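K.L.:
What follows is a single structure, and I will ask about it in a moment.
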Amino acid sequence: MNAQPLHYGLPISAKAMEVYRRLLGLHPIAVDDAISLTPLEMLVFAILSQRTTHKNAQQAFDTLRQKFPDLLSLCDAPIHAIESAISDARWPDLKASYIQNSLRHILGWRGGELNLDHLFQMSSEDASAWLERLPGVGRKTSASVLLFSTLRRAVLPVDTGHRRMMMRLGLLRPSASWDKAHLILQSQLPRDWSQREFETYHSVIKKHAQTYCDATQPRCAGCILKDLCLHAQTRLHPRPDHAPLITTKRRKSSDQTHPTQMCMLYD
Ligand code: SF4
């Protein structure tokens, strides 16, 4: 007997897969097989990506690598020089500190070696836990290092748009913490998925969150998921006793709000 809760007649994992099936047809994304970033390089990139567009993170990363071709030199570089190199990313002051302190920690913990090669020998759970001891590294950042670097692990990073959309669809409780969100959403996907399948899934969900499931003005009327979506049902067919399930206020001042004033940067 299937004990999973039903969602519009579907068990929750079947609903998650139906969402994916539809979105894959709508956003046919070809992921790049040529993963070339080492875990250490990906760690730096993932920190730069926190609450920053991919384009800006890439610009910041490219400039940083031009100015500091050897990551070891970042350990002793003046912090303002790192901050200036990554100015395309949001909150360069905080991220410069995260990057430098993370690299210094790795150097110390690895006995003078600046690499993350030991993660290749670890399980994904242990590798995540190791990474999350570093400054500025939470579950999304550690999952990004595992998925997108040459580690090529089958794990799911969950970013803000992904989490919002899953809550609206009813696949994630609004009360779920970030760590729980990663566990819950990954558990809804097939256990035998490869790294490539997780990367494709992540890209497709991200694309839909950006193009349809906007934080303040989701395009529910034209959304291919509206018949599966709790938020759309309350929004498109409101009843007096129903309020929209997830209303996300865009922080108008988000560009200015320094993350030290928020609970987490990496969410
Ligand atoms: S129906 Fe609306 S709220 Fe639901 S996933 Fe689509 S855009 Fe988002």
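K.L.:
Can you give the Rg and Dmax of region 39-148 based on its C-alpha atoms, in angstrom?
P.N.:
Computed over the Cα atoms of region 39-148, radius of gyration and Dmax are 12.9, 36 Å.
K.L.:
Could you tally the net charge around GLN233, taking each other residue with its Cβ under 9 Å from the Cβ of GLN233, Lys/Arg +1 and Asp/Glu -1?
P.N.:
Numbers: positive: LYS226, ARG235; negative: ASP227.
Overall, the nearby charge balance is +1.
K.L.:
Using a basic spin-label model with each label point 7 Å from the Cα along Cα→Cβ, how many nm lie between SER87 and ALA129?
P.N.:
Distance between the two pseudo-spin positions: 4.3 nm.
K.L.:
Can you figure out the FRET efficiency of SER36 with LEU236, using R₀ = 45 Å and their beta-carbon distance, to the nearest 0.05? Numbers along the way, then the final one.
P.N.:
Working: r = 44 Å, r/R0 = 0.98.
So the FRET efficiency works out to roughly 0.55.
K.L.:
Now for a different question. Can you grab the distance from the C-alpha centre of region 137-196 to the C-alpha centre of region 211-228, Å, no decimals?
P.N.:
21 Å
K.L.:
Under 1.5 on a/c is rounded, so check that first for region 166-227, then, if it is not, pick prolate when a/b is larger than b/c and oblate when it is not; a ≥ b ≥ c are the square roots of the alpha carbon gyration tensor eigenvalues. If you can, show how the numbers build up before the last one.
P.N.:
Numbers: a/c = 2.12, a/b = 1.36, b/c = 1.56.
Since a/c reaches 1.5 but b/c is at least a/b, the shape of region 166-227 is classed as oblate.
K.L.:
Averaging sequence separations of C-alpha pairs under 8 Å and six or more residues apart, then dividing by the length of region 39-148, give the relative contact order as a whole percent. Walk me through the numbers before you get to the answer.
P.N.:
Details: 112 pairs, mean separation 35.6, N = 110.
Relative contact order of region 39-148: 32 percent.
K.L.:
At 0.36 nm per residue, and after removing the present C-alpha to C-alpha distance, how many nm does the segment from GLN121 to HIS80 gain when stretched out fully?
P.N.:
Stretched fully, the GLN121-HIS80 segment lengthens by 11.2 nm.
K.L.:
Could you give the nm distance between label points at ASN101 and LEU72, where each point is 7 Å from its Cα heading toward the beta carbon?
P.N.:
Using points 7 Å along Cα→Cβ, the separation is 2.5 nm.
K.L.:
Using alpha carbons only, how many angstrom separate the centre of region 15-64 from the centre of region 92-111?
P.N.:
Spelled out, the Cα-based centre of one part sits 22 Å from the other.
K.L.:
Can you tell me the order of 144-154, 46-56 when each peptide is scored by its average per-residue count of other Cβ atoms within 10 angstrom, highest first?
P.N.:
Numbers: 144-154: 21.8, 46-56: 20.0.
Put in order of decreasing packing, that is 144-154, 46-56.
K.L.:
Stretched out fully, how many nm does the piece from GLN210 to ILE224 gain, at 0.36 nm a residue minus the Cα gap?
P.N.:
Details: separation 14, 0.36 × 14 = 5.04 nm, distance 1.43 nm.
Net length gain for the segment: 3.6 nm.
K.L.:
So which chymotrypsin sites (Phe, Trp or Tyr not before Pro) in region 166-228 end up in coil per DSSP with only 16 or fewer other C-beta atoms within 10 Å?
P.N.:
TRP193
K.L.:
Stretch ARG21-TRP109 to full length: gain in nm at 0.36 nm per residue minus the Cα-Cα span? Before the final figure, lay out each step's value.
P.N.:
Numbers: separation 88, 0.36 × 88 = 31.68 nm, distance 4.33 nm.
Value of the extension gain: 27.3 nm.
K.L.:
Follow-up. Tell me which trypsin sites (Lys or Arg not before Pro) from region 161-196 have a DSSP coil assignment and no more than 14 other beta carbons within 10 Å of their own.
P.N.:
Details: sites: ARG163, ARG164, ARG168, LYS180, ARG191, ARG196; in loops: ARG191.
For trypsin sites (Lys or Arg not before Pro) across region 161-196 that sit outside H, G, I, E and B with at most 14 neighbouring Cβ atoms in 10 Å, the list reads ARG191.
Values quoted throughout were computed directly from the atomic coordinates according to the rules given, and no laboratory measurement underlies them. Just so it is clear, the structure is predicted and the values come from calculations on it, not from any experiment. Cβ atoms come from the backbone with ideal geometry, glycine included; neighbour counts cover every protein chain shown.
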